[in-house]
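What follows is one structure encoded as structure tokens, with my remarks underneath.
The values are calculated or read from the model by the stated rules, or taken from the named source; none is laboratory data. As the structure is a prediction and not an experimental result, all values here were calculated from the model. Positions of Cβ are backbone-derived with ideal geometry, glycine not excepted, and every protein chain shown enters the neighbour counts.
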């Protein structure tokens, strides 16, 4: 069962009850649940089922975010005796869980998980984020 909490902006977040907590997004990628778009145009015409999926620009809520871009380890060749901890450091992404993302369909990969449709999108394919900041 897929459970989501809704804020004022109807944003989706990962909760302890849902099954998305088992997923780990890698690198600079973001897991996005697409927003269901209207099947009618502004003038009232009904659109056939595949039209929205062929749009170049899609939107959806950020469900999970990867750690970011890996940073190279500094080259300390003069102190080889110190030993290295191989802990990789990351430059974090701009996207956060709950953001509404507008992204390019071309760069996204569509996946089905637990019967739900999601997109795995690289940070470079996200055009804009809308975030509800609590003041």
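Note on the stretch 103-112: among residues that are touching a strand residue (DSSP E or B) at 6+ places or on another chain (Cβ under 9 Å) and touching a residue at least 40 places away in the same chain (Cβ under 8 Å), the one that is surrounded by the most Cβ atoms within 10 Å (Cβ to Cβ) is 103.
Only one of the numbered conditions (1) modelled with pLDDT under 90; (2) closer than 23 Å to residue 24 by Cβ is not met by residue 109, and that is (1). Across the stretch 60-88, the qualifying residues are those that are within 30 Å of residue 19 (Cβ to Cβ) and at pLDDT below 90, and the one among them that is surrounded by the most Cβ atoms within 10 Å (Cβ to Cβ) is 70.
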